[in-house]
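Read the structure below first, then the notes.
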Amino acid sequence: MPAAEAHLREPKYYSVKRHLLETISTLPPGSAVPTERELAATLSTSRTTVRQALVDLVAEGRLVRRQGSGTFIAEPKVTWPLHLTSFTEAAAANGFAASTELIAAEKVKAEGEVAERLGLRVGAPVVRIERLRLADDRPMAVETSHLSAARFPRLTQHIRKWQSLYELLREVYDVSPVRAEELIATAPASPREAALLGTETGAPMLVLGRHSRDAEGDPVEWVTSWYRGDRITFVADLSAPRP
């Protein structure tokens, strides 16, 4: 076989992956996938090769693993536009009913990046709000927000009564974020995030960091959001800068 042809030869696990993709396309979400042992026997290959194909498909969000139950065809990904709106508003715009489970609301001391992002001295009091965000009762993201405690007094009490933080800021404090810098990265789920979002430890996550400011350019919030990478596709509407 010529060297160039050998170089282009399809990896064995990829042919297994293609077979699985063909199978997935004919079955509804939630359908069980045969076990590694069954697939290896059917395709006359090793379980290691099958496992590699399954890992790829789980990472891509096409399959989902449930500990103790097996591997299943995943629900279609949710398309989530990136706009300067709250999770509640974004969910409503996509036809979902948003809900929130408050995990923590407390005053802490600003350290490192939080102090820098909010324009505060290290050790200044900030409000840390951690919430589980759901769409149609399905866990979508874990959010941790930091805001200045001096600028937003009694925020830890108010947040317990509101679904949307941005709506709370408008109605109670007359503050609205008007621009933001958004950072997007990937990371594996920690055991805690995995438990909250109903996925596996080490599963791929999309991590968003948003630094929002008001009309005067003053910092409003620094929030880090962990989204399930197998459930969300982010979409940004881009335009060319004006000359």
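Worth a mention:
- Among the GluC sites (Glu not before Pro) in segment 29-85, those placed in a DSSP loop whose Cβ has at most 15 other Cβ atoms within 10 Å are E60.
- Test item: Cα-centred dipole of the chain, Lys/Arg +1 and Asp/Glu -1 on Cβ, debye: 460 debye
- The trypsin sites (Lys or Arg not before Pro) found in segment 147-243 that occupy coil by DSSP, while having at most 14 further C-beta atoms within 10 Å, are R154.
- Going through (i) 17.4; (ii) 20.5; (iii) 21.6, the figure that equals Kirkwood radius over Cα pairs in Å as computed for the structure here is (ii).
- Amide H contacts of E200 (H built 1.01 Å from N, under 5 Å, at least 5 apart or other chain): none
- Note on segment 103-186: with neighbouring protein chains present and a 1.4 Å probe, carbon and sulfur make up 46 percent of its accessible heavy-atom surface.
- Mean accessible surface per residue for segment 1-142, computed with a 1.4 Å probe while every protein chain stays in place, in Å²: 57 Å²
- Taking θ as phi - 60° and the Karplus parameters 6.51, -1.76 and 1.60, the scalar couplings of segment 88-102 work out to 4, 5, 5, 5, 4, 5, 9, x, 10, 8, 7, 8, 9, 10, 6 Hz in sequence order, x denoting glycine and proline.
- Extension gain for the segment S69 to S46, taken as residue separation times 0.36 nm less the Cα-Cα distance, is 6.1 nm to one decimal.
- Rounded to whole Hz, the Karplus (6.51, -1.76, 1.60) HN-Hα couplings of segment 51-60, x for glycine and proline: 4, 4, 5, 5, 4, 4, 6, 5, 4, 7
- Within the same chain, aspartates and glutamates fewer than 8 places from K107 are excluded, and of the rest, those with a Cα less than 14 Å from its Cα are E130.
- 3J(HN,Hα) along segment 77-85, derived from phi through the Karplus expression 6.51 cos²θ - 1.76 cosθ + 1.60 where θ = phi - 60°, amounts to 5, 8, 7, 10, x, 9, 10, 7, 9 Hz, with x in place of Gly and Pro.
The values are calculated or read from the model by the stated rules, or taken from the named source; none is laboratory data. The structure presented is a predicted model; accordingly, all values stated were derived computationally and were not measured. Note that we place each Cβ from the backbone using ideal geometry, even for glycine, and neighbour counts take in every protein chain shown. Quick note on the areas: whole protein, heavy atoms, side chains included, nothing else; ligands and nucleic acids left out. Shrake-Rupley method; radii C 1.70, N 1.55, O 1.52, S 1.80 Å.
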